[in-house]
1. Kindly evaluate V47 against the criterion of being part of a helix (DSSP H, G or I), open to solvent by less than 80 Å² (accessible area, probe 1.4 Å), modelled with pLDDT of 90 or more and not basic (K, R).
2. For the stretch 24-42, check the following and say yes or no: at least one residue is of a type in the set (K, R), under 28 Å from N3 (Cα atoms) and open to solvent by 100 Å² or more (accessible area, probe 1.4 Å).
3. Yes or no: the stretch 63-80 includes at least one residue that is hydroxyl-bearing (S, T, Y) and open to solvent by less than 50 Å² (accessible area, probe 1.4 Å).
4. Examine the stretch 10-21 for a residue that is among the small types (G, A, S) and in a helix (DSSP H, G or I), and state whether such a residue exists.
5. If I ask for residues that are in contact (Cβ under 8 Å) with a residue 12 or more places away in the chain and among the charged types (D, E, K, R), which ones from the stretch 23-67 would you list?
Amino acid sequence: MMNIKIQVIIAVIVVTAICVIINMIRAKNLELRYALAWLIVGVGILVLDCFPGLMAWMARKIGIASPVNMLFFFGFCFSLVIIFVLTVAVSRMSIRIKQLAQELALHEKENADKK
């Protein structure tokens with residue numbers, strides 16, 4: 001089991017991080033669709049911090065030998081999901097930038113032809 005001091009420190013850090021993310025969303029520095037995954041992870045970490053036995057119970061139910069291994073596995077899966085979502089976003093933005101550049105070039109050509 002975890003030491004209560006460590007649990008309190010983790011809880012304070014997670015709550016602070018969630019508050020920072022929410023403030024960034026309010027200030028329009030971060031879009032909700034990108035921040036949602038981080039908010040969900042923050043809440044998940046907070047729940048596991050408040051109920052440390054839950055991690056061991058989940059590991060037993062899933063069939064993973066050690067709760068730490070399950071934590072690393074979930075972290076790895078989360079990282080893959082984040083990488084995939086960001087790759088899709090970059091791809092969409094790249095396509096949109098290309099379209100906008102082409103439209104701008106056409107408008108500039110039309111304006112040059114009119115002169």
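The values are calculated or read from the model by the stated rules, or taken from the named source; none is laboratory data. Computed from a prediction, not measured in an experiment: that's the story for all the values here. FYI the Cβ positions are ideal-geometry reconstructions off the backbone, even for glycines, and counts take in every protein chain you see. Accessible surface areas use protein heavy atoms only, side chains included; no ligands, DNA or RNA. Shrake-Rupley method; radii C 1.70, N 1.55, O 1.52, S 1.80 Å.
1. Criteria met by V47.
2. no
3. For the stretch 63-80, residues hydroxyl-bearing (S, T, Y) and open to solvent by less than 50 Å² (accessible area, probe 1.4 Å): present.
4. yes
5. Passing the criteria: only D49.
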